[in-house]
Amino acid sequence: SEEKSLNFIEEIIEADLKAGKYTSIVTRFPPEPNGYLHLGHASSICLNFGLTKKYPGYTNLRFDDTNPVTEDTEYVESIKNDIRWMGFEWKHELYASDYFDTLYGYAIQLINKGLAYVDESTSEEIAAMKGTPTEPGTDSPYRNRPVQENLDLFEKMKSGAFPDGSHTLRAKIDMAHMNMLMRDPILYRIKHAHHHRTGDKWCIYPMYDFAHGQSDSIENITHSICTLEFIPHRELYDWLIAQLGIYPSHQYEFARRNINYTVTSKRKLLQLVNEKHVSGWDDPRMPTISGLRRRGYTPESIREFCERIGVAKRENMVDVGLLEFCVREHLNKIALRRMVVFDPLKVVITNYTNGEELLQSEDNPEDPAATHREVPFSSELYIEREDFMENPPKKYFRLAPGQMVRLKSAYIIKCDEVIKDAEGNVTELRCSYIPESKSGADTSGIHVKGTLHWVSVKHAVTVEVREYDRLFQVEDPASEEGDFKSYINPNSLHVIQSAYAEPALRNATFNDRYQFIRKGYFCLDKDTSEEKVIFNRTVTLKDAWAK
Ligand code: ATP
Ligand code: MG
Ligand code: MG
């Protein structure tokens, strides 16, 4: 990976360090605590924290909590938990709301410099005065108030003398500016609302543009990285810092990451939760970090995904197949191999008279240090119903009348007789085993092409298996006509109530990952109880969607 070329932000930072502009850098990850983090946030986390792992410096976690209405401490806790799980640690835990006093002071400074005024226009009037991209706006009738009048009115706004929406504080820049955002932008609005941290202390709240850049500056952020839609905001960001004469943070923009067959917008994800299309923010089908964690994704696989999609300057849709590829690669290295039969067909080994024995099976053939486990074998086994065919085509290497297969880590067996019920359904297979064909000590000289997974009937543990598919039927539900929720895949969850697992899975842990041989990668679900062991399918063994 040393050979990898730098992304454009790394190029900027290396140039800055080389030029001596900085000796170390400071970045921040600034979530608004109004929802759980999703894959888009993961890419921003990997970028911001990744830069200060690579270069001297540190990253702050700053909660961008300037909107009292939608924010909640439940979200604050989940965000911290998710970042740590991703493998990153912040230097300082900060809240934009802690800067409310400082920001208020900055507003007073601007008023004193004749660069801000209190406007009594309604939001409709302000919008009408904005002009258009091709026509200049018009000055507000309140634009030229004397400084003292602005100071008095702003103080009254703060002390609660006015109702919501009646007054705003606006920067006095230029109503004919080419950049619409520079046409006297609103800095403060009145909102009589309880804030999750400042309580009822404030009834005026700073707008994003007034809070974000100033917070960056207060924290001496060197490189403030945000998504492309903030490009037009950069001019205002720089203007405010220059007028206030505070630490010059710089804003850089990269492309928002969108993943196909899902939505990455907290607002939309919240709708899925509230309207019960999913079981919660951590439903294993959700593109949230908590959903992916519950689904069995590893932090390594998500970091690898973010690394591979890299940092772009143009928006594009990322294929969820790449995420699945990354988790498959990692799970193949770490997952413990286990045998689970989903749809059982009974096999009776008629010549097996030893009662039972314990066979050795490797936990992971990909891991040179791998251990072995014991798997009980007996004369009554389950195999997968789909691994038997009464009238097989040529080159069918699974079980069929008169045909042989190997049972994984056990023996070669031959199907001698097919037992059926009155309706003609196959209910049982009578087989014989080759005693000299034991795995690891095979002297039989028989070569078979098929190897099947199996479990011993009397040792089997009944488990529930939850298989997941894409949450949406279309690539980009947010851009389709109508409600994005009408594109939800009705078959995104498939539950197998009773699957039969080898006994080692009775002791499955939340830390371990499992490969159910020939089935896919699985992890224990948090709904597991004394009564019921439940597994989630993280991902199939191969890409079923590949063309
Ligand atoms: P949402 O639209 O889901 O609410 P947001 O951008 O409003 O997302 P914030 O909590 O403000 O969410 O985001 C915190 C940080 O994560 C910001 O710096 C933002 O740029 C970044 N971020 C959010 N979504 C994405 C995305 N899809 N791709 C890349 N970065 C993102
Ligand atoms: Mg936001
Ligand atoms: Mg948003």
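Each value in this text was obtained by applying a stated rule to the coordinates, not by laboratory testing. None of the values given here were measured: they were computed from a predicted structure. Reconstructed Cβ throughout: ideal geometry from the backbone, glycine too, with neighbour counts over all protein chains shown.
Annotations
- Cα centre as origin, Lys/Arg/Asp/Glu Cβ charges: the stretch 344-453 dipole, Debye: 460 debye
- Within the shell of other residues whose beta carbon sits under 15 angstrom from the beta carbon of THR350, the net charge comes to -1, with Lys and Arg scored +1 and Asp and Glu -1.
- Look at the dipole of the stretch 18-145 built from charges on Cβ: of GLN109, GLY137, TYR58, the Cα furthest out on the positive end belongs to TYR58.
- ASP483 paired with ALA422, simple spin-label distance in nm, labels 7 Å along Cα-to-beta-carbon: 4.9 nm
- In order through the stretch 115-129: 3J(HN,Hα) via Karplus (6.51 cos²θ - 1.76 cosθ + 1.60), integer Hz, x for Gly, Pro: 10, 8, 9, 8, 10, 9, 6, 6, 5, 5, 5, 5, 4, 5, 7
- Rounded, prolate or oblate (a/c below 1.5 giving rounded, otherwise prolate when a/b exceeds b/c) for the chain by Cα gyration tensor: prolate
- Each peptide among 58-69, 166-177 gets the average number of other Cβ atoms lying within 10 Å of its residues, and from highest to lowest they stand as 58-69, 166-177.
- Every helix of 4 or more DSSP H residues in the chain counts as -39500 (n - 2.57), and over all residues that averages to -7500 deg cm²/dmol at 222 nm.
- For the stretch 291-349, trypsin sites (Lys or Arg not before Pro) are listed when DSSP marks them as loop and at most 15 other Cβ atoms sit within 10 Å of their Cβ; the list is LYS313, ARG314.
- Environment charge at LYS201 (Cβ cut-off 13 Å; Lys +1, Arg +1, Asp -1, Glu -1): 0
- Rounded to the nearest 20 debye, dipole of the stretch 263-324 from Cβ charges on Lys, Arg, Asp, Glu: 240 debye
- The stretch 270-364: GluC sites (Glu not before Pro) in DSSP coil with no more than 16 other Cβ atoms inside 10 Å: GLU275, GLU315
- Cysteines, the chain, no other Cys beta-carbon under 4.7 Å: CYS203, CYS226, CYS326, CYS415, CYS431, CYS523
- The string of couplings for the stretch 35-45 from the Karplus curve (6.51, -1.76, 1.60, θ = phi - 60°) is x, 8, 6, 10, 4, x, 4, 4, 5, 5, 5 Hz, one whole number per residue in order, with x for Gly and Pro.
- Here's how it looks for HIS38: its modeled amide H is under 5 Å from those of ILE289, which are all 5 or more places away or on a different chain.
- Share antiparallel - DSSP beta bridges, the chain, percent rounded to 5: 65 percent
- Spatial offset of the stretch 20-58 relative to the stretch 223-242 amounts to 16 Å, using the alpha carbon center of each.
- Look at the alpha carbon pairs under 8 Å that are at least 6 residues apart: their mean separation over the length of the chain gives a relative contact order of 11 percent.
- If only the Cβ of Lys and Arg carry +1 and only the Cβ of Asp and Glu carry -1, the dipole of the chain around its Cα centre is close to 900 debye.
- Amide hydrogen neighbours beyond the local backbone of ILE204, cut-off 5 Å, H modeled: LYS191
- A simple rule links phi to the HN-Hα coupling: the Karplus curve 6.51 cos²θ - 1.76 cosθ + 1.60 with θ = phi - 60°, which for the stretch 485-496 gives 6, 6, 9, 5, 6, x, 10, 7, 10, 10, 9, 9 Hz, with x for Gly and Pro.
- Relative to the current alpha-carbon distance between ASP72 and LEU270, full extension at 0.36 nm per residue lengthens the span by 70.0 nm.
- Taking amide H atoms as placed 1.01 Å from N in the peptide plane, the amide H of PHE535 lies under 5 Å from those of GLU464, VAL465, ARG466, ASP525, each 5 or more residues away in sequence or on another chain.
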